[in-house]
Amino acid sequence: METFVQQLVNGLSLGSIYALIALGYTMVYGIIKLINFAHGDVYMLGAYVGYAVTTFTGLGFFPAIIISMAACAVLGMLIERVAYKPLRASSRIAVLITAIGISLLLEYVMMYFVGPEVRSYPDVLSKQHFELGGVVVGVQQIYIVVTAVVLMALLQFIVKNTKRGKAMRAVSIDADAAQLMGIDVNRTISFTFLLGSALAGAAGVLVGIYYNSIDPLMGVMPGLKAFVAAVFGGIGSIPGAMIGGVGIGVIETLVSGYGSSMYRDAAVFALLIVILIVRPRGLLGKQTGEKL
Amino acid sequence: MALLSIEKLTKSFGGLTAVSNVDILIDKGELIGLIGPNGAGKTTVFNLITGVYAPSYGTIELEVDGKLVSLAKKKPYRVTKLGIARTFQNIRLFKDLSVLDNVRIAMHQRVGYGMPAALTHFGRYFSEEKRLVAEAEALLDVFKLTEKKDELAKNLPYGEQRHLEIVRAMATKPRLLLLDEPAAGMNPNETAALTAMIAKLRHDYDLTILLIEHDMSLVMKICERIYVLDYGVVISEGAPDKIRSDSRVIEAYLGEDVSAPQDGEA
Amino acid sequence: MKKILAIVCVLALAGGMLSACGKDSGGGDAKSDTVQIGVNYELTGDVATYGNDSVNGIKMAIDEVNANGGVLGGKQIELIVKDDKSDPAESTSIEESLMGDGKIVAALGPATSGNFRAVIPIATNYGIPVISSSATADDDITVDKNGNVREFVFRTCFTDSFQGKTMSNFAFNELSAKKAVIFGDTSSDYAKGLAANFKSNFESLGGAVVGEEGYVAKDKDFNSVLTKIKGQDFDVLFVPGYYQEAGLIIKQARELGIKQPILGADGFDSPELVNLAGAANATDIYFSNHYSSLDKDPAVVKFIEDYKAANGTEPGAFIAMGYDLGKYIVDAIERAGAADAKAIAKALAETKEFSGVTGTFSVDKDHNVVKSAVVIKLENGAQVSATRV
Amino acid sequence: MGMITKKNILILLSIVATFAVVQVLRTMNILTNFHEITLALICINIILAVSLNLITGFTGQFSLGHAGFMSIGAYTCALILLKYPTMWGFLAGIIAGGIASALVGIIIGLPTLRLKGDYLAIATLGMAEIIRVIFLNIEITGGAAGLASIPRIANWFWMFFFAVISVVFINNFIKSSPGRACISIREDEIAAESMGINSTKYKVMSFAIGAFFAGIGGGLYASYFFFLKPNLFGFLKSIDMLVIVVLGGLGSLTGSVVAAVLLTLLTTFLQQFTAVRMILYALLLVVIMIFRPKGIMGTSEITDLLGRIGRGKGRVE
């Protein structure tokens, strides 16, 4: 039982990070139907910005996370403007290839400048651990989960209650109609990239601090898993991405904890395929029918 | 035995009942109209007959070799195989393919070579392809489209796209043809030409036709019987003269002048 | 917008190509006063870290040699460096291009056993020696499946069986461990080789492997498996793999309260291991290695200091091994007395007591190196003892 | 119409001529072993690209799992070759690899091909990852260490032979009635069904044929490059193939061939630019997509272009 609770704690902290990355995927996919492969690399860059801030300026956790979010927000908008916007009218697959190109570009430009080796974060958060009835919980884990929850709540508020957020939802349902209603579609899309990338930046810093290890290719696998999480929860749905992220985190943990750790990734993908077949819109996604 | 018999056909989407308790009987050789205001459920009936939707309740049966075969849970391609073809209200041609390919694709079920010949082009490939082209050209001739067989479907003028939809449906060799607003967007001259064309097809190919149409002039002129649908329910059925004077039909069209065929709704 | 973008992109491309040419230009005519050596490593792709480290070590050694007057009485050494993207097909293709030109006298790399295997047939075909400083797999490297030694294939590293045996002996004899858990990198043949050899030897000694778990390279979260391991009864945890993950495993294991000794092999050797784990967590860690920073051999001290001066960090195993590889090939060229591939291969096979920073070694009849290992113990992140075995 | 037309003779002649020219240059050693490897890679990439183009470009089913099929063919062929290192073993291995891959394609295709667009892409990606993890963990394939010392029996002739066979067969297929059925699914699945086309059957068929040729490509890879490991067939490999297909033009076999040649040459050329090679590659991808989002050829084929010049007028677009 203790072990099980411990595994849930492990899964929750891993899942919170997937959830933060998944939010960016789900929003971007919701609005321009693009699997933004570069998103995982924005997260990587966020981790490096946080690293630079904490290492070279000695600033603490909160300044690091805010500066990293800001930097990633700008980067995300820039990527959209330069690489995706000229392709607004092209086929989705062409945009997808561009996204892959941008992803490789970020990875290898980074590798060119900082080298391929892993780097470790300075200590910015307490490494203290509590033991509650045999279950070990770290202060950092609490920070991660709390930060993730706060950011997600903030995002949910922005999307549901602000004018910009409403514009985002309108564009994601029907961009042409939204344009006719006087919504600036381009600005709304930029705004979506800004929000999603900022969250990825936060996730990057959290990972850097929690796992203490960053490298230029760190975004590839979590990026993929986060997309799985977004699909799992229902693409386009913010609570779905949260549930999907935490779900994937917990499932991974339980598979390695109680099944075979060698087949962890296979299990995650198998689950994804089953979900897609049984319930293609994901847990909380909306049903979309085709008009005949 | 009726060619197509529909009984108590009902379809609901979530809480909305689009089609409710519809009975339709079509005899071989008939030309039947299906009319009704927008959103009455006409296209849904087509989608139910052709297997795009599964009915919530009721039966759809087609006469095949003297026996009635249920269409209720059949996939669209199976329904087509049994002899029902359709056109679409909002044209669904294979836009980026040539006119000829559009027609040849619809002949797919009657192609007499298998995978080995498809991969190697040995065996009966060339003789069969030759036959397909000849048959396709014969059908295209009816609508004077043979000249344009190498053009992409999307480059045809609107009216010709509608014609091509009919040719494509004909290429499946149907016994029952479902036409979904074939005259939509056409001017009176084009509509008149189309009317003649439909009559000719029906005669030449021994067809039974079920037609959805808003253009009353067309419906009243060529249909032998008409079903009127409103809010998913059949509110009237009978010969054009009877429909024209039915108060419930007039009420359904509320203020629309259905008594004068020449200036009906386009 | 598009036009500006086009100009920017074209400029970036052109700039990139130019700078690349300037930096590590491969081509150029072979002048008679240079000796060319091919360097075929994983500089991008999933094992880029090892390739880059190795090449940095090699370059450092060759730069020193060139600065000190080169080889064979004044000839400079020219390295032709190419990147195989961590893809064996590219390794093969590069090796063909390097050897097919007929200019190089020896080729170094790739770093991983798999990619190294992909170049072996080419080297054999051309009769040009090929050496790796990190292809540790037991089978099918220097000796083919029928037991014949490959004339032109050499390596300077330990084999997996040697290190696996060393660490299982150490665990059983020195640490008196009877039950071990293995938690290794399943995506690396090096780690899998170590795990298999550790297990078979540990069991033949009378110990028991009570748990076998796996992770894949670039994983960051090991908590779930460690939680599972924590619930088991065992004496030592053996982690075959590289420092990137091992550092995190040590950190997470200690934070979860796993107090048993953690064992590893030379993949642990990097200053980054302790940075990743945190100094306090890096306690009761044992790993086999070629040399120790406790070593007071002046050559080792000088190497570490030179590297530190140039890069700001201490060198890891791949860098040190790469450095020795560079020095070793130069030594072989000198002993061969000519820039001739066959003679160099012969000299390599006849190596006796070559002394490098990673230890002194001879080459045996199977073209494997005979050298002793040290088992290093870490306490609070520092090397506190180094036992020769 | 018939098999012997001017066009077909011309095509046959140019194929034979290409082979002959390379063969002569090879014997004169103007083309070295290194060039042969590059040519072999080109042939393998052509096979993989045209087979993926059948699935994604012609049938419209977005697959990110092609590396999975390639790996099945590669491992099957390698295992057979290691046991029977002869010419017959090689040919049996190639065919068995193709068949094994096609079977897996059918097994995976049946449940997943009901998915559409990006959902299918992510499901196929997951499928390829599962295959890779399985190869990583089973004994017979050597796990992470992979399979080494696979006898090299494939040579330039076989590479060329299978590349030509793949292109010809797939080209024949898309110009046949089942092939047109596949294309109609890409154009409009509902309309295709209404025209009597069993969309599931043809999607699975296209998937199986694509997988078959990907398996052959994998088998050739195994028998030429001595060595296999599961990580070769990761998600980036599938992406590489997709890049070739999109760059060439979805729905253009000529495009796939041209792009396979260009990208393979580019990759080989970039080997010397160690640190910046991937940066240059990535930049090129982005630039080409922005300026030619439909790929080099769009959906046209070389035969269309020749025809256009012959008729002296453009195709109506």
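The values are calculated or read from the model by the stated rules, or taken from the named source; none is laboratory data. These numbers were taken from a predicted model, which means no experiment stands behind them. Note: ideal-geometry Cβ built from the backbone for every residue, glycine included; neighbour counts use all protein chains shown.
One line per residue, one yes/no per condition, for (1) of a type outside the set (A, V, I, L, M, F, W, C); (2) surrounded by 24 or more Cβ atoms within 10 Å (Cβ to Cβ); (3) in contact (Cβ under 8 Å) with a residue 40 or more places away in the chain:
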| residue | (1), (2), (3) |
| --- | --- |
| D:Ser14 | yes, no, no |
| D:Val21 | no, no, no |
| D:Leu31 | no, no, no |
| D:Glu36 | yes, no, yes |
| D:Ile46 | no, yes, yes |
| D:Ser51 | yes, yes, yes |
| D:Phe58 | no, yes, yes |
| D:Ser63 | yes, yes, yes |
| D:Met70 | no, yes, yes |
Worksheet item: Is it true that some residue in the range B:126-140 is crowded, with 20+ Cβ neighbours inside 10 Å, under 19 Å from the mean Cα position of the chain (by Cα), farther than 25 Å from B:Ala196 by Cα and of a type in the set (A, V, I, L, M, F, W, C)?
Response: no
Fill in: In the range C:301-321, the residues that are aliphatic (A, V, I, L, M) and under 17 Å from C:Ile376 (Cβ atoms)
C:Val301, C:Ile304, C:Ala317, C:Ile319, C:Ala320, C:Met321
Fill in: Conditions (1) surrounded by 22 or more Cβ atoms within 10 Å (Cβ to Cβ); (2) in contact with a Lys or Arg (Cβ under 8 Å, 6 or more places away or on another chain); number of the one not met by B:Ile91
(1)
Worksheet item: Just checking, how many residues over the range D:178-200 are more than 7 Å from chain B (Cβ to nearest Cβ) and of a type in the set (D, E, K, R)?
Response: 2
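For (1) among the β-branched types (Val, Ile, Thr); (2) in the same structural domain as C:Lys145 (by TED's automatic domain parsing), each residue gets a yes or a no:
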residue: C:Phe303; (1), (2): no, yes
residue: C:Leu325; (1), (2): no, yes
residue: C:Ile344; (1), (2): yes, yes
residue: C:Gly356; (1), (2): no, yes
residue: C:Gly359; (1), (2): no, yes
residue: C:Ile376; (1), (2): yes, no
residue: C:Gly381; (1), (2): no, no
residue: C:Val389; (1), (2): yes, no
Worksheet entry | Residue check, C:Val216 within 14 Å of chain D (Cβ to nearest Cβ), among the aliphatic types (A, V, I, L, M), surrounded by fewer than 24 Cβ atoms within 10 Å (Cβ to Cβ) and without any contact (Cβ under 8 Å) to a residue 40 or more places away in the chain | yes
Practice prompt. Find the helices (runs of 4 or more DSSP H) located wholly in the range B:95-185 whose residues include 3 or more that are closer than 30 Å to D:Val164 by Cα, and list them.
Written response: B:99-106, B:115-120, B:125-142
Worksheet entry | Residues of the range C:220-242 satisfying the condition of being within 8 Å of chain A (Cβ to nearest Cβ), in a helix (DSSP H, G or I) and under 29 Å from the mean Cα position of the chain (by Cα) | C:Asn223, C:Val225
Practice prompt. Kindly provide the set of residues from the range A:222-242 that are touching a residue at least 60 places away in the same chain (Cβ under 8 Å) and of a type in the set (A, V, I, L, M, F, W, C), ordered by number.
Written response: A:Leu224, A:Ala226, A:Phe227, A:Ala229, A:Ala230, A:Ile235, A:Ile238, A:Ala241, A:Met242
Worksheet item: Among all residue pairs at least 6 apart or on different chains, which show Cβ distances below 9 Å where the first residue, located in the range D:274-291, is touching a residue at least 24 places away in the same chain (Cβ under 8 Å) and more than 7 Å from chain A (Cβ to nearest Cβ) and the second is buried (at least 23 other Cβ atoms within 10 Å of the Cβ) and part of a helix (DSSP H, G or I)?
Response: D:Ile288/A:Ile97; D:Ile288/A:Gly101; D:Ile288/D:Leu247
Worksheet, complete the sentence: Scanning the range B:27-59 for residues that are assigned to a helix (DSSP H, G or I) and closer than 21 Å to D:Glu189 by Cβ gives B:Thr43, B:Thr44, B:Phe46, B:Asn47, B:Leu48, B:Ile49
Discussion item. When you scan the range D:60-67, do you find a residue that is closer than 17 Å to D:Pro230 by Cα and assigned to a helix (DSSP H, G or I), even just one?
Written reply: yes
Item to complete: Filter the range B:162-200 for residues that are of a type in the set (A, V, I, L, M) and free of Cβ contacts under 8 Å to residues at least 12 places away in the same chain and give the result.
Response: B:Ala192, B:Ala193, B:Ala196
Worksheet item: What number of residues within the range A:111-121 satisfy the criterion of being surrounded by fewer than 22 Cβ atoms within 10 Å (Cβ to Cβ) and more than 8 Å from chain D (Cβ to nearest Cβ)?
Response: 5
Worksheet item: Here are some residues: C:Ala280, C:Ala265. Which one is of a type in the set (Gly, Ala, Ser), at negative phi and out of contact with any Leu (no Cβ under 8 Å at 6 or more places or on another chain)?
Response: C:Ala280
Discussion item. For the range A:5-35, which positions are surrounded by fewer than 24 Cβ atoms within 10 Å (Cβ to Cβ) and farther than 21 Å from A:Arg81 by Cα?
Written reply: A:Val5, A:Gln7, A:Leu8, A:Val9, A:Leu12
Worksheet item: Could we say that D:Leu263 is under 30 Å from C:Ile122 (Cβ atoms), more than 11 Å from chain A (Cβ to nearest Cβ), in contact with a helix residue (DSSP H, G or I) (Cβ under 9 Å, 6 or more places away or on another chain) and not hydroxyl-bearing (Ser, Thr, Tyr) here?
Response: yes
Practice prompt. State which residue pairs qualify: first residue free of Cβ contacts under 8 Å to residues at least 40 places away in the same chain and in a strand (DSSP E or B) and inside the range C:365-379, second residue surrounded by fewer than 14 Cβ atoms within 10 Å (Cβ to Cβ) and among the polar types (S, T, N, Q) in any location, beta carbons under 9 Å apart, and separation of 6 or more residues or different chains.
Written response: C:Val370/C:Ser362
Practice prompt. For the range B:131-142, indicate whether the set of residues that are closer than 28 Å to B:Lys42 by Cβ, among the charged types (D, E, K, R) and more than 10 Å from chain D (Cβ to nearest Cβ) is non-empty.
Written response: no
Worksheet, complete the sentence: By residue number, the members of the range B:124-155 that are touching a residue at least 12 places away in the same chain (Cβ under 8 Å) and among the β-branched types (Val, Ile, Thr) are B:Val133, B:Val142
Discussion item. For the range C:124-133, check the following and say yes or no: at least one residue is more than 7 Å from chain D (Cβ to nearest Cβ), more than 17 Å from the chain's Cα centre (by Cα), crowded, with 24+ Cβ neighbours inside 10 Å and closer than 23 Å to C:Met60 by Cα.
Written reply: yes
Worksheet entry | A:Tyr108 vs. criteria at pLDDT below 95 and facing chain D (nearest Cβ under 8 Å) | yes
Discussion item. Name the single residue that is farthest from the other protein chains (Cβ to nearest Cβ) among those in the range C:243-264 being of a type in the set (Gly, Ala, Ser) and farther than 19 Å from A:Glu117 by Cβ.
Written reply: C:Ala253
Worksheet item: Scanning for something within 13 Å of chain D (Cβ to nearest Cβ) and in contact with a Pro (Cβ under 9 Å, 6 or more places away or on another chain), does the range B:196-209 turn up at least one residue?
Response: no
Item to complete: Just give me the residues in the range A:43-76 being free of Cβ contacts under 8 Å to residues at least 60 places away in the same chain and of a type in the set (S, T, N, Q), in sequence order.
Response: A:Thr57
Discussion item. I'd like the residue in the range B:59-117 that is on the phi > 0 side of the Ramachandran plot and in contact (Cβ under 8 Å) with a residue 24 or more places away in the chain and, out of all such residues, is farthest from the other protein chains (Cβ to nearest Cβ).
Written reply: B:Gly66
